[in-house]
Amino acid sequence: MFALAVPPVLQALTQAEHLLGKATDDMLSTRLAAGMFTCEQHFEVVASVAMRATYPLIGRQVPELPRGAKAALSAAREAVEALAHDDFDGAEARVVSHRAGFADLTQPAVEYLQCFALPNMWFHLAMVYAVLRQAGVDIGKADFDGLHAYPAGFRFDD
């Protein structure tokens, strides 16, 4: 379970920290649409879900994170990096009870990780990306996932 949980969580945290470095203070208070989280709240949720994607799998309480995007991402990274392979012994057998919005769910650990926690974390990172793009930040897919590469100035609409 360590390999299923920790590497993608650390990748998302790395990309969130990268995107945060491209955001201005004004952008952090921007919403993609009325009624949605602000960009900063999306960053904070990425950090929160990084913790929720790992700590329940090892039977530990999810630690509280500080407020603010930078502090929350940093604390989440530190906490996840402190986890060891051995911490995940027996994780496959766990069942995780949690809330998804207003829904109370109970899921086997692998289903929880793959169908709730990781998609939720990447959703909020995608919202960060969308807010920053909408604000005019020159970012692309490589900034989102850290894997893609495109030549400088590449555009799909050319």
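Pairs are defined by a Cβ separation below 8 Å, a sequence spacing of at least 6 or placement on different chains, a first member in the stretch 104-129 that is of a type in the set (Ser, Thr, Tyr), and a second member that is buried (at least 17 other Cβ atoms within 10 Å of the Cβ) and assigned to a strand (DSSP E or B); the pairs so defined are THR106/VAL96; TYR112/VAL96.
Within the stretch 82-97, being surrounded by 15 or more Cβ atoms within 10 Å (Cβ to Cβ) and either modelled with pLDDT under 95 or not in a strand (DSSP E or B) (or both) holds for LEU83, ASP87, PHE88, ALA91, ARG94.
The C-beta contact set for the stretch 134-158 (first residue of a type in the set (Asp, Glu), second residue assigned to a helix (DSSP H, G or I), distance under 8 angstrom, 6+ apart or interchain) comprises ASP143/GLN15; ASP143/HIS18; ASP143/LEU19; ASP143/TYR129; ASP145/GLN11; ASP145/GLN15. Within the stretch 140-149, identify whether any single residue is touching a strand residue (DSSP E or B) at 6+ places or on another chain (Cβ under 9 Å) and of a type outside the set (Phe, Trp, Tyr), and answer yes or no. No: zero hits. Of the residues making up the stretch 65-79, those that are among the aliphatic types (A, V, I, L, M), closer than 16 Å to HIS124 by Cβ and assigned to a helix (DSSP H, G or I) are ALA69, ALA72, LEU73, ALA76. At least 2 residues that are within 12 Å of the chain's Cα centre (by Cα) and surrounded by 14 or more Cβ atoms within 10 Å (Cβ to Cβ) in each: list the helices (runs of 4 or more DSSP H) lying fully within the stretch 1-64 that qualify. Answer list for the stretch 1-64: 2-20, 39-52.
Quick check: anything in the stretch 40-48 under 28 Å from ASP143 (Cα atoms), modelled with pLDDT under 95 and not basic (Lys, Arg)? No, the stretch 40-48 contains no residue that is under 28 Å from ASP143 (Cα atoms), modelled with pLDDT under 95 and not basic (Lys, Arg).
If I ask for residues that are of a type in the set (Val, Ile, Thr) and farther than 17 Å from ARG77 by Cβ, which ones from the stretch 1-44 would you list?
The answer is THR24, THR30, THR38.
Mind checking which residues of the stretch 133-148 are part of a helix (DSSP H, G or I), among the hydrophobic types (A, V, I, L, M, F, W, C) and either surrounded by fewer than 13 Cβ atoms within 10 Å (Cβ to Cβ) or in contact with a helix residue (DSSP H, G or I) (Cβ under 9 Å, 6 or more places away or on another chain) (or both)?
PHE144
One line per residue, one yes/no per condition, for (1) surrounded by fewer than 16 Cβ atoms within 10 Å (Cβ to Cβ); (2) part of a loop (DSSP other than H, G, I, E, B):
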site	(1), (2)
ASP104	yes, no
PRO119	yes, no
VAL131	no, no
TYR150	yes, yes
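The values are calculated or read from the model by the stated rules, or taken from the named source; none is laboratory data. In this text, all values refer to a predicted model and were calculated from it rather than measured experimentally. We place every Cβ from the backbone using ideal geometry, glycine too, and count neighbours over all the protein chains shown.
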